[in-house]
Amino acid sequence: HLGCSAEGRPAPLLSWFRGEQVLREEPGAAALPLHLAQVSPRDSGTYTCVAENRHGRHNRSLELHVA
């Protein structure tokens, strides 16, 4: 499970990306978990959570390595 949360006014659009691919997004949510079931080496990569509203954009990335 990967967690992502943000607060803002207006409430931000939260999105999860893997590279350029959008995995999940939810407008106005305070939190947006990402569940990766039965991970394998092909799930390795960079995952980024983005919070965005009209005032700006903030993101955090993590590198997942599955052996």
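Taking amide H as placed 1.01 Å from N in the peptide plane, the amide H of Arg24 sits under 5 Å from that of Trp16, each at least 5 places away or on another chain. For segment 2-64, the solvent-accessible area of protein heavy atoms averages 68 Å² per residue (probe radius 1.4 Å; ligands and nucleic acids excluded). Computed in the context of the full set of protein chains, the accessible area of segment 2-64 at 1.4 Å probe radius has 48% of its extent on carbon or sulfur. Label sites at Glu7 and Arg42, each approximated as a point 7 angstrom past Cα along Cα to Cβ, lie 4.1 nm apart. Normalised by the number of residues in segment 2-64, the mean separation of alpha-carbon contacts (under 8 Å, six or more apart) gives a relative contact order of 35 percent. Scalar couplings 3J(HN,Hα) for segment 8-18, obtained by applying the Karplus form with A = 6.51, B = -1.76, C = 1.60 to θ = phi - 60°, are x, 10, x, 4, x, 7, 9, 9, 10, 10, 10 Hz; x denotes Gly and Pro. Annotation: amide H of Leu36 within the under-5 Å range of Leu2, sequence separation 5 or more or interchain, hydrogens built in the peptide plane.
The values are calculated or read from the model by the stated rules, or taken from the named source; none is laboratory data. Predicted model only: the values in this text are computed from it and were never measured. When we count neighbours, we look across all protein chains shown, and the Cβ atoms used for this are built from the backbone with ideal geometry, even at glycine. SASA here: full protein model, heavy atoms, side chains in, ligands and nucleic acids out. Shrake-Rupley method; radii C 1.70, N 1.55, O 1.52, S 1.80 Å.
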